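The next block holds one structure in the form of C-alpha cells; read it before the comments.
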Amino acid sequence: MNDPATRPGPRRSEPSSHAAGAVATAAGQLPGGRSVQRTPSRTFGTVALIGKYKSPLIAEPLADLARHLAARGVEVLIDRLTAAHVGGDSASALSLEEIGRRAGLAVVLGGDGTMLNIARTLAPFGVPLVGVNQGRLGFLTDLSVDRMAVAIDAILDGHYIAESRMLLEATITPAAPRAAVDVAAPGVPAGPPATVLAFNDVVISKGERGGMIEFDVIVDGQYVTSLRADGLIIASPTGSTAYALSSGGPIVHPSLSVMSLVPICPHTLSNRPIIVSASSSIEIRMQGGSEAVVRFDSHSDAVIGSADRLQVRRSDHDVMLLHPDDYDYFHMLREKLKWSEAL
C-alpha cells in the first residue's frame, strides 16, 4: 500500500531484543498497568527517526536530533521517505519494515496522524514509539520540539513511562465472491477477506450517494440492534478522543481493554454509545441495499455493499508508547481540551 500505515508486516513477530529488553526491565508499576522505568537502559542503541511526510518543518529538528543522538554513540536510522524529503545519509535510510527489524526505539516527528500511520506499521515488530508534536492537538505526540532532546536523553537513560495501547483489526467479507472489495484506496487486499489494522477507529459511514445507511450490529454472535444512521464509529480507547468524541462518545482511559460503539447521527435518538469488552467480536451486516464506506483511521478506506460483513476485533498486536516519567494523562486532557480555563 502506498500509505505507510497499511504496509504489510509480519502477522505476529516477537519484539526485537532491543525493544523487548527496554520494556521488560521496568522497575515499577503505575495505575492502569503502565510501567515506569527508573534504571538506565542500554537497549536503545539503535534509534529510528521518522518524520511527517513532506513536511518542511521537520528537516531542521530532525537533523539536530540525529546529530545529538550520534554524539551519544547511538546508531541512527532514518525512514526512507523522510530521508528523501529532508536529506540525510542514504546508507542509514531504510524502509519501515527494515526499521521494525533493526530499531530498538522509534522517534516520530509530526502530529497524531503521523503517529497513527507509523504505529500500525511498527506494532507487529514491538518497537516502542516516542512522539514529538508538530501538529495541532497532539494526544499521542506529547513531546514538544523545544524539549525534545532533553526528554529523549532521559528516555535513553531509562527514565520513562511505558504504556501499551490496543489496536483494532477489521475484516471485510463480501456477501458473494467478486473480483474486489471495491477498494477506494490502493493496497487494501482485494477479494474476500480484506483485513486492515486501525489504531484510533474503524468508521462505517454513508457513501457518495448520501442518505442514511442501514445495518445490523452483532456483538459476540448476539444481535444488538438494526441501526439507521449516517454511520457508526468503532473506537479503541486511544480513538475515544478523536472522531468518537465529536460524535458524543465517552473519553475512555487508554489502560482499559474496551471498544466503543458510537452511532453517527442515528435516526432513532435513543441509540446511544455502547462500551463492550476488547475481547468481543463486533459484526456489522449491511441491509436494505445500502452502500457504505469503511474508513480505517481516516487513512485508507473500502466500499462495501448490501449483505457484506464487517468484523472488528482487538488485534493481536499492541502499540508501545514511551512517555517522559512526569507524564500525566489527565493533565494532557486538561491541556488539549482546555478544561478548567476561566470563561
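Quick notes on this structure:
- Chain lengthening between residue 153 and residue 212 when straightened (0.36 nm per residue, less Cα-Cα): 16.1 nm
- Rounded, prolate or oblate (a/c below 1.5 giving rounded, otherwise prolate when a/b exceeds b/c) for segment 52-114 by Cα gyration tensor: rounded
- Summing +1 for each Lys or Arg and -1 for each Asp or Glu among the other residues whose beta-carbon sits under 15 angstrom from that of residue 281 gives -1.
- Per-residue ³J(HN,Hα) for segment 49-63, Karplus 6.51 cos²θ - 1.76 cosθ + 1.60, θ = phi - 60°, Hz, x for Gly and Pro: 10, 10, x, 4, 4, 6, 8, x, 7, 8, 4, 5, x, 5, 5
- Expected-Rg normalisation [2.2 N^0.38 Å, Cα atoms] applied to segment 167-317: 0.95
- Whole-Hz couplings from phi, Karplus 6.51/-1.76/1.60, listed for segment 100-115; x for Gly and Pro: x, 7, 10, 7, x, 7, 10, 9, 10, 9, x, x, 5, x, 5, 5
- Those lysines that a straight Cα-Cα span of less than 29 Å connects to residue 54, excepting residues fewer than 8 apart in one chain: 336
Every read-out reported here was derived from the displayed coordinates using simple, explicitly stated rules and does not represent laboratory data. Remember, it's a predicted structure, so these values are computed and weren't measured experimentally. Positions of Cβ are generated from backbone atoms using ideal geometry, with glycine treated the same way; all protein chains shown enter the neighbour counts.
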